[in-house]
Amino acid sequence: MIRVLLADDQTLVRAGFRSILSDEDDIEVVAEAANGAQAVAGAREHRPDVVLMDIRMPELDGLEATRRIAGDSALDGVRVIILTTFDLDDYVYGALRVGAAGFLVKDTEPAELIHAVRVVARGDALIAPSITRRLIAEFAGRVKRPEPGPRLNALTEREREVMTLVAGGLSNDEIAARLVLSPATAKTHVSRIMTKLGVRDRAQLVVLAYEAGMITPGWLTP
């Protein structure tokens, strides 16, 4: 069972997400929060698999709440999906940098919301419908990139290739098909890359790929 915490300051938004998710046999909404502070406290109390986090909330915004959850070693298994609007929230890219597993626009279709929760819960891939890829590319292009560190030198050529495909939004199965590998081998490559780079999930690989110039804003995998 996938356990979800809903964090949004609008009661009707939370009710709508609860209604959509509760209809699924494999998803359970275990808690709700009306601000970031409640979201952090709820994550520590309930240890959900996924937190749906509004980025604009009173008392403590979703960005700082995400930072606190991602930075808490006791919450390593908790993944955060940021909820945002399409044309606002220039700091969404920053949310990925502090540990968000991905993000969704608030008017996403119910099927995409359900899919996103399942994908992030299993840690398989960054949420990657085409709109999300465009958003990541757009926000990455607005952020000044720091110089890439020496960690990337530890990667093999194959691992760099895999990392680029991860940054393009491909799942393990899609990477396997692209590189003519078994899904298990693709998964092993991704796991080794994350270990070598010291990142907690695939979202962080996307951030590093952009910062290192391995992939550029506007690049989309066909």
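The values are calculated or read from the model by the stated rules, or taken from the named source; none is laboratory data. Given the structure is predicted, the values throughout are model-derived calculations rather than measurements. Using ideal geometry, Cβ is built from the backbone for each residue, glycine included, and neighbour counts are taken over all protein chains shown. SASA here: full protein model, heavy atoms, side chains in, ligands and nucleic acids out. Shrake-Rupley method; radii C 1.70, N 1.55, O 1.52, S 1.80 Å.
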Residue list for the range 191-207, filter: at pLDDT below 80 and not small (Gly, Ala, Ser): ARG200, ASP201, ARG202, GLN204, VAL206, VAL207
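Tell me which residues, restricted to the range 144-160, are open to solvent by less than 80 Å² (accessible area, probe 1.4 Å) and modelled with pLDDT of 85 or more.
ALA154, LEU155, THR156, GLU159, ARG160
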Subset of the range 188-202 (residues that are assigned to a helix (DSSP H, G or I), open to solvent by less than 40 Å² (accessible area, probe 1.4 Å) and not aliphatic (A, V, I, L, M)): HIS189, ARG202
Sole exception among (1) under 23 Å from LEU96 (Cα atoms); (2) buried (at least 17 other Cβ atoms within 10 Å of the Cβ) for ALA41, by number: (2)
Qualifying positions in the range 84-109 - hydrophobic (A, V, I, L, M, F, W, C) and modelled with pLDDT of 70 or more: ALA95, LEU96, VAL98, ALA100, ALA101, PHE103, LEU104, VAL105
Residue ID - farthest from ARG122 (Cα to Cα), chosen from residues in the range 166-187 that are in contact (Cβ under 8 Å) with a residue 24 or more places away in the chain and in a helix (DSSP H, G or I): ALA167
Residue satisfying all of: in the range 46-83; within 14 Å of the chain's Cα centre (by Cα) and farther than 15 Å from VAL120 by Cβ; surrounded by the most Cβ atoms within 10 Å (Cβ to Cβ) among these: GLY62
Pairs, first closer than 17 Å to ASP8 by Cα in the range 59-80, second at pLDDT below 90 and open to solvent by 70 Å² or more (accessible area, probe 1.4 Å), C-beta under 8 Å, six or more apart: GLY62/ARG56; LEU63/TYR91
Residue count, the range 10-32 (criterion: touching a strand residue (DSSP E or B) at 6+ places or on another chain (Cβ under 8 Å) and open to solvent by less than 70 Å² (accessible area, probe 1.4 Å)): 10
